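The values are calculated or read from the model by the stated rules, or taken from the named source; none is laboratory data. In this text the structure is predicted, and so the values were computed from the model without any measurement. Cβ placement follows ideal geometry from the backbone for every residue including glycine, while neighbour counts extend to all protein chains displayed.
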Amino acid sequence: MALKRPPLRRRARRVLTVACLFCLAIAALSWLPAVTGSRNLGIGVSSVEWLRSHGGNPIVSQIENWYYQLNEPEKGGPALTSLPQVGVTTAGTGSGGEGSGAGTYLPADVNPLIHPKLPGEGVWKKAGAAVGERPPLLLTTFRSDPEYPQFVAGVAWIDASRTELAYVPGLAEPPEPLEARGPGEVPPSMRKRLVATFNGGFPLETSNAGLIYRGKVKETMVNGIATVVGYRSGGLNIVRWESGRKVPANVWFAKQNLPPIIYEGKLNPNLSDGPEWGETVNNATRVWRSGLGIDAHGNLMYAAANYQTVESLAKVLQRAGAVRAIELDINEDWTSFISYRHPGGLEPSNLLPEMYRSPERYLSPDERDFFAVYLRKGQPW
Amino acid sequence: MRLPRNISPAAAERRSLLFDVVLGLLVGIFAIIIAAGIGVVGFFALLCIIAVIPWYLLDRRSHRRRRRHRRVNSR
């Protein structure tokens, strides 16, 4: 009997199906451990992260950009009548910029962008329940963009003279190999002095930037990139990195992310230049964004808000008083600022109610790296 | 050595199935080798499977319809 083959179309489909099932099986061998091992992430987010780190970054970024373009907010809209409540009591800084105690600096309240101002808008509030006249952490909110009057930015001010900043690696970021990674959470022994925690920058794989951890280069530093630097003395700064590939002897950690968004009091003139601001979501896409600045007195300022561009985020930080600033991580999955009302990491609360990640986030092992703010040793709460 | 040409339709079907499976595995291996990462391969493989499933279902439905049609005509 003559050989009778099935139609070519059906055979091509069969070959394609076998090839796809084979590829899916191999991919599943890598995907399954990644999603079951993620302790702080849902299956969706960890799958996206897995795809991003396994060659799919351009695909994820493109889909993200389409999604954000489709969900772009409209200008205008009804005005807000109140702002989310942050902190516990008013810090009483007024507009003078000096605190009540002799030689104590407290920042001036932020002059809102939109008038008339709402009750409590731009007014600094203490984050701790039982802090004295020199609160280590102040919080405020204000409307971030006159064209979008419903958007509210949350800003935190951190007293550098009373606190120290630590860079804490997550379980998966920075990637292996990393010496002395730690537990990926705030160590229990440090929680007595814990004031706040907040998200780090972009993952090393997508940031094209460097990292120094415990005085050693984990990823080659890049000149001209904004860098949060923690010194061995406990001091900190936000600089434009110019030390090349070597590690200065006094540097304990240095985390880079994109060019500075504010430098020497001025906005980066290239804030509207797309490719400079990361290879994932571009600079003009309105998403959750976060940034870290430093004021003229060397105190840190963190800001985060939904529906921000790089430029609007920089303007929020500048309005709050930052003279140099770096953009940190973006997207709702990664932006977190958590303050603790009581010592021991008790009563954690997010800076903004829309931040959907749990306020317990950094008290349990997290995938991503983050910063922890501790009271300096011997400082009263 | 040449494969026998005069074989039953069932044997021919089994032979082409084996050939297609081997070819499919080779295509899969090739895709994994040239792709930027296993994530990309998995992503596109999933899309292909999602596209192929309705194709199979449609084929099956039209096959059934044809068979029913033939049965009605033969009565």
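Per the conditions (1) modelled with pLDDT of 90 or more; (2) over 30 Å from A:Glu147 (Cα atoms); (3) within 14 Å of another protein chain (Cβ to nearest Cβ), the sole criterion not satisfied by A:Pro6 is (1). Of all residues in the stretch A:240-258, those satisfying the criterion of being surrounded by 15 or more Cβ atoms within 10 Å (Cβ to Cβ) and part of a loop (DSSP other than H, G, I, E, B) are A:Trp241, A:Ser243, A:Val247, A:Asn257, A:Leu258. For the stretch A:117-154, the set of residues classified as within 21 Å of the chain's Cα centre (by Cα) and under 16 Å from A:Pro348 (Cβ atoms) consists of A:Ala127, A:Pro136, A:Leu137, A:Leu139, A:Gly154, listed by residue number. Applying the condition of being within 12 Å of another protein chain (Cβ to nearest Cβ) and hydrophobic (A, V, I, L, M, F, W, C) to the stretch A:36-51 and asking which residue is nearest to B:Gly24 (Cα to Cα) yields A:Leu51.
Note on the stretch A:167-192: residues that are in contact with a Ser or Thr (Cβ under 9 Å, 6 or more places away or on another chain), surrounded by fewer than 22 Cβ atoms within 10 Å (Cβ to Cβ) and among the charged types (D, E, K, R) amount to 0. The residue pairs whose first member lies in the stretch A:139-153 and is among the small types (Gly, Ala, Ser), whose second member is surrounded by 24 or more Cβ atoms within 10 Å (Cβ to Cβ) and part of a loop (DSSP other than H, G, I, E, B), and whose beta carbons are closer than 6 Å, counting only pairs six or more residues apart or on different chains, are A:Ala153/A:Ser144. Could you say whether any residue in the stretch A:301-309 is of a type in the set (Phe, Trp, Tyr) and crowded, with 24+ Cβ neighbours inside 10 Å? Among the residues of the stretch A:301-309, at least one is of a type in the set (Phe, Trp, Tyr) and crowded, with 24+ Cβ neighbours inside 10 Å, which makes the answer yes. When the stretch B:19-55 is filtered for residues that are more than 7 Å from chain A (Cβ to nearest Cβ) and either touching a helix residue (DSSP H, G or I) at 6+ places or on another chain (Cβ under 8 Å) or of a type in the set (A, V, I, L, M, F, W, C) (or both), the ones remaining, listed by number, are B:Phe19, B:Val22, B:Leu26, B:Ile29, B:Phe30, B:Ile33, B:Ile34, B:Phe44, B:Leu47, B:Ile50, B:Ala51, B:Ile53. Checked against the criterion of being under 20 Å from A:Pro348 (Cβ atoms) and outside any loop (DSSP other than H, G, I, E, B), the stretch A:171-180 has no qualifying residue. Please verify whether B:Arg64 is more than 11 Å from chain A (Cβ to nearest Cβ) and either modelled with pLDDT of 90 or more or not in a helix (DSSP H, G or I) (or both), treating the condition exactly as stated. Considered against the rule, which asks whether it is more than 11 Å from chain A (Cβ to nearest Cβ) and either modelled with pLDDT of 90 or more or not in a helix (DSSP H, G or I) (or both), B:Arg64 comes out as yes.
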